[in-house]
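Taking it in order: structure first as structure tokens, then the write-up.
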Amino acid sequence: MKDIEPADVEGDFRQHELTFHDGSTRKVCVVDEELPFPEGYLIVSRTDTRGIITHANKSFVAMSGYTMEELIGEPHHILRHPDMPKAGFQSLWETIESGKKWHGYVKNLRKDGRFYWVYATVVPNVRHGKVVGYTSVRRRPSRKKVAEAEALYRTLMP
Ligand SMILES: Cc1cc2nc3c(=O)[nH]c(=O)nc-3n(C[C@H](O)[C@H](O)[C@H](O)COP(=O)(O)O)c2cc1C
């Protein structure tokens, strides 16, 4: 996965190195500017059982800033924002791997370093009793819930 370089972003930025659960790393430039989730939008993606993106809709392309080609085949952590605590994703994976539905508020990192908040529902896709992948549907989150999530996530950061 490509880093987000200073040339990819506009305005003031801070640099971070993310470490993912598989030990891989990515350098990112973060711009503290939100792209509001548009009214009426629904962002949908599907992954295989390892979280590799297999499908994305047009809203996902628009909000993430990546092209369809850049998204398909990449791990979903391409959207990982350094302000998101690891604990949130641990609970996501424990829940969906046990065949249950998960929902939560997620701050996502765009290709241009800006961010967008979503209310995500992730469901396991079960075929013949076996989990074959996952689908995530994101809706516009309430501002009150985003403020609560921000405060909570701050307490979970190392
Ligand atoms: C269907 C699905 C959708 C996901 N959506 C996101 C997302 O929007 N943003 C995100 O940071 N992680 C998302 N994840 C979680 C990532 O797979 C990953 O766990 C997370 O970014 C943290 O990276 P890491 O687990 O590799 O350390 C999603 C996972 C699945 C299965």
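The values are calculated or read from the model by the stated rules, or taken from the named source; none is laboratory data. In this text, all values refer to a predicted model and were calculated from it rather than measured experimentally. Cβ: placed from backbone, ideal geometry, glycine included. Neighbour counts: every protein chain shown.
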Long-range neighbours under 6 Å by Cβ, at least six apart or interchain, first residue among the charged types (D, E, K, R) within segment 131-158, second in a strand (DSSP E or B) and crowded, with 17+ Cβ neighbours inside 10 Å: Arg138/Ile43; Arg138/Val118; Arg138/Ala120; Arg139/Tyr119; Lys145/Tyr105
Checking Ile78 against (1) modelled with pLDDT of 95 or more; (2) over 23 Å from Gln15 (Cβ atoms); (3) assigned to a helix (DSSP H, G or I), which single condition isn't satisfied? (2)
Looking at this structure, is Val146 more than 10 Å from the ligand (Cβ to nearest atom) and closer than 24 Å to Leu35 by Cβ? yes
Looking only at segment 89-115, count every residue that is of a type outside the set (D, E, K, R), more than 11 Å from the ligand (Cβ to nearest atom) and farther than 22 Å from Met63 by Cβ and tell me the total. 2
Number of positions in segment 97-138 that are more than 17 Å from His55 (Cβ to Cβ) and either of a type in the set (Gly, Ala, Ser) or not in a strand (DSSP E or B) (or both): 13
Is there a residue in segment 33-50 that is under 24 Å from Arg140 (Cβ atoms), more than 12 Å from the ligand (Cβ to nearest atom) and in a strand (DSSP E or B)? yes
Collect the residues in segment 63-77 that are touching a residue at least 12 places away in the same chain (Cβ under 8 Å) and more than 8 Å from the ligand (Cβ to nearest atom), keeping them in residue-number order. Met63, Ser64, Gly65, Tyr66, Met68, Glu70, Leu71, Ile72, Gly73, Glu74
